[in-house]
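Peer 1: Sending over a structure as C-alpha cells; questions will come in a sec.
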Amino acid sequence: MIEKELYGIASLHGNKGRKVSKYTLSSEGSSVTAVLCDYGARILDIRVRMPDGSVRSAVLGHPSLGVYERAPGYLGALVGRTGNRTAGGRFSLDGKEYTLFRNDGNNSLHGGERGFDKKIYKARIRDSAEPSVTFSAVSPDGEEGYPGELRYSLKYTLCGNGLLLTYTAESDARTVINLTNHVYFNLAGGGHIGKHLLCTDADRYLPTDRELIPTGELKPVAGTAFDFRKPRRFSSALRSGDPDIATAGGLDHCFVFPGDYTKARRMKRHISVVSPEGDLTLNVSTDRPGVQIYSGNFLGGRRFRLRDGSPEKRRGGFCLETEAFPDSANRREFTDIVLEPGRTYRSRTLYAFVTG
Ligand code: BGC
C-alpha cells in the first residue's frame with residue numbers, strides 16, 4: 001500500500017513555493033514501513049514492527065520539511081553526483097579541468113552547493129505486494145560544475161522486511177558519478193550508537209588526511225581497529241586511540257569489500273549491525289565495492305531537532321553509504337566512476353531488517 005500526503009511547502013534552495021509530498025509504503029507481509037519524501041528523494045523513516053507489537057523507528061529523521069531544508073546532515077537523502085569528498089573541488093576528465101563548488105573547506109562534499117539532496121523529484125508510484133516509488137530528475141550539463149546532462153533515478157522498493165534502493169543514471173557526455181544514500185541508522189530507536197555490534201567482511205579501508213581525503217593507501221584491516229570481520233561494538237573502534245580514527249574524528253572511512261573493486265560486482269551481503277539489546281538486526285547487501293562507515297561525528301554541531309523533538313546528538317546515528325571510493329574522480333587507480341554516454345549506471349543496495 002502507498003499513501004501519499006502533502007508534507008510541506010518548500011522555501012529554500014531554489015524550491016520556494018513548491019509542494020513536497022511524503023509517501024508511506026507498507027505491505028501486509030512486511031513488518032517494515034518506509035516513509036519517503038520527494039525533497040532529496042529522502043527516507044524520512046523506516047519503522048519496524050517488533051515481536052511484542054511495538055513499532056521502532058530504525059533511522060533518524062527531522063520533524064518537518066523546514067528542518068530538513070536547514071540542517072546540514074543529509075538525513076536520509078540521495079547524495080550525488082558524487083558522494084563524499086572530491087579533493088580541491090576539482091577533477092580532470094579527457095584533458096579538461098572541471099571546478100566544483102567547495103562546500104567543505106577546500107573540497108567539494110556530496111555533490112556541492114545544491115546537490116541531489118536538495119532537489120524536489122518527480123515521483124512514480126507503483127502499488128503492489130512490493131510497493132515502490134521511483135524518484136527521478138534531470139541534472140543539466142554543468143550543474144554544480146559536472147559535465148553532461150544526467151538523467152537519473154532512485155527507486156525504493158519495499159521487499160520483504162527490507163528496503164531496496166535501485167539507482168540508475170544516463171549522461172549525454174562523459175562524466176563522473178557515485179550515488180549513495182545518507183540515511184542514519186539507530187537500531188535502538190535513539191541514544192548513542194556505541195553499543196551497536198558491527199560486522200563487515202571489508203578487509204581493507206582507506207585512511208584519510210585531516211581534510212578527510214583518502215591518502216591513496218588501501219590499508220588491510222587486519223590487526224587494526226578497523227577489523228570488523230568478527231562483530232565488534234562501534235565503541236571499541238571509537239575508543240581505540242587508532243591514529244586514523246583520531247585524524248578523522250571517529251569512523252568516517254571507506255571500507256573496501258573483498259574481491260576486485262575495478263570490476264562489476266554481484267549483489268552480496270557485506271554488512272550486518274545488531275542493536276545494543278540484540279533485538280533488531282540490519283543486513284546490508286550491495287553491488288558497490290565499498291561502504292563509507294560514518295559514526296555521525298559531526299551530528300549535533302548545530303543541534304537541529306529530531307523527529308521526537310530532541311536535539312540531534314553527536315554519534316546518535318551511523319551511516320552505511322554504499323559507494324565507489326571517495327575522490328575516485330581524482331584517483332584513477334581507485335574505482336572507475338566514469339559514465340560513458342549511451343551506457344547506464346546501475347547500482348543496488350538492500351537494507352533488510354530481522355527482529356528477535
Ligand atoms: C561524510 C562525513 C560528512 C558527512 C556529512 C559523510 O558521508 O563521510 O565526513 O561530514 O557525510 O553529513
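Peer 1: State the number of residues belonging to the stretch 37-72 that are within 12 Å of the ligand (Cβ to nearest atom) and surrounded by 24 or more Cβ atoms within 10 Å (Cβ to Cβ).
Peer 2: Qualifying residue count for the region: 1.
Peer 1: May I ask you to list pairs of residues, at least six apart or on different chains, whose Cβ atoms are under 7 Å apart, with the first in the stretch 216-244 being under 14 Å from Ile293 (Cβ atoms) and the second being surrounded by 15 or more Cβ atoms within 10 Å (Cβ to Cβ) and modelled with pLDDT under 95?
Peer 2: none
Peer 1: Please list, ordered by first then second residue, the pairs with beta carbon atoms under 6 Å, 6 or more apart or interchain, first in the stretch 316-333 and farther than 21 Å from Arg346 by Cα, second among the aliphatic types (A, V, I, L, M) and assigned to a loop (DSSP other than H, G, I, E, B).
Peer 2: As it stands, the answer is Gly316/Leu299; Gly317/Leu60, since those pairs meet every condition given.
Peer 1: Here's a follow-up. Could you grab the pairs with beta carbons closer than 6 Å, sequence gap of 6+ or different chains, first residue in the stretch 59-73 and without any contact (Cβ under 8 Å) to a residue 40 or more places away in the chain and closer than 16 Å to Ser11 by Cβ, second one within 14 Å of the ligand (Cβ to nearest atom) and of a type outside the set (Val, Ile, Thr)?
Peer 2: Matching pairs, first to second residue: Tyr68/His62.
Peer 1: Can you give me the number of residues within the stretch 9-21 that are in a strand (DSSP E or B) and surrounded by fewer than 17 Cβ atoms within 10 Å (Cβ to Cβ)?
Peer 2: Qualifying residue count for the region: 2.
Peer 1: Do you know which of the residues in the stretch 313-334 that are out of contact with any strand residue (DSSP E or B) (no Cβ under 8 Å at 6 or more places or on another chain) and either away from the ligand (no atom under 16 Å from the Cβ) or part of a strand (DSSP E or B) (or both) is modelled with the highest pLDDT?
Peer 2: Step by step, filter the stretch 313-334, then rank; the result is Glu333.
Peer 1: Another question about this same structure. Answer yes if at least one residue in the stretch 335-356 is within 12 Å of the ligand (Cβ to nearest atom), in contact with a Leu (Cβ under 9 Å, 6 or more places away or on another chain), in a strand (DSSP E or B) and modelled with pLDDT of 95 or more, and no otherwise.
Peer 2: no
Peer 1: Does any residue of the stretch 282-305 turn out to be in contact (Cβ under 8 Å) with a residue 12 or more places away in the chain, under 16 Å from Ala188 (Cβ atoms) and more than 16 Å from the ligand (Cβ to nearest atom)?
Peer 2: Yes: the stretch 282-305 contains one or more residues that are in contact (Cβ under 8 Å) with a residue 12 or more places away in the chain, under 16 Å from Ala188 (Cβ atoms) and more than 16 Å from the ligand (Cβ to nearest atom).
Peer 1: Could you list, in sequence order, the residues of the stretch 75-109 that are among the β-branched types (Val, Ile, Thr) and more than 15 Å from the ligand (Cβ to nearest atom)?
Peer 2: Thr99
Peer 1: Mind listing whichever residues of the stretch 22-40 are over 13 Å from Tyr7 (Cβ atoms) and not in a strand (DSSP E or B)?
Peer 2: Ser26, Ser27, Glu28, Gly29, Ser30, Ser31
Peer 1: So Phe257 clears everything in (1) touching a His at 6+ places or on another chain (Cβ under 7 Å); (2) closer than 21 Å to Phe226 by Cα; (3) within 16 Å of the ligand (Cβ to nearest atom); (4) not basic (Lys, Arg) except one condition, right? Which one?
Peer 2: (3)
Peer 1: Moving on to the next point. Take the residues in the stretch 302-354 that are surrounded by fewer than 17 Cβ atoms within 10 Å (Cβ to Cβ) and small (Gly, Ala, Ser), then tell me which one is farthest from the chain's Cα centre (by Cα).
Peer 2: Gly342
Peer 1: While we're looking at this one, here's another question. Kindly indicate whether Thr168 is touching a strand residue (DSSP E or B) at 6+ places or on another chain (Cβ under 7 Å), under 30 Å from Thr24 (Cβ atoms) and crowded, with 16+ Cβ neighbours inside 10 Å.
Peer 2: Considered against the rule, which asks whether it is touching a strand residue (DSSP E or B) at 6+ places or on another chain (Cβ under 7 Å), under 30 Å from Thr24 (Cβ atoms) and crowded, with 16+ Cβ neighbours inside 10 Å, Thr168 comes out as yes.
Peer 1: Residues to consider are Arg18, Arg42; find the one that is in contact with a helix residue (DSSP H, G or I) (Cβ under 9 Å, 6 or more places away or on another chain) and of a type in the set (Lys, Arg).
Peer 2: Arg42
Peer 1: Tell me which strands (runs of 3 or more DSSP E) are completely within the stretch 242-312 and hold 1 or more residues being under 21 Å from Pro214 (Cα atoms), or say none if there are none.
Peer 2: 252-256, 290-294
Residues are listed down the side, and each one gets a yes or a no for (1) surrounded by 18 or more Cβ atoms within 10 Å (Cβ to Cβ); (2) under 27 Å from Ala71 (Cα atoms):
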| position | (1), (2) |
| --- | --- |
| Pro131 | yes, no |
| Phe135 | yes, yes |
| Asp141 | no, no |
| Gly145 | yes, yes |
| Lys155 | yes, yes |
| Arg174 | no, no |
| Val183 | yes, yes |
| His192 | yes, yes |
| Lys195 | no, yes |
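The values are calculated or read from the model by the stated rules, or taken from the named source; none is laboratory data. Please read these numbers as outputs of a predicted model, since none were measured by experiment. In this analysis, Cβ positions are derived from the backbone assuming ideal geometry, glycine residues included, and neighbour counts consider all displayed protein chains.
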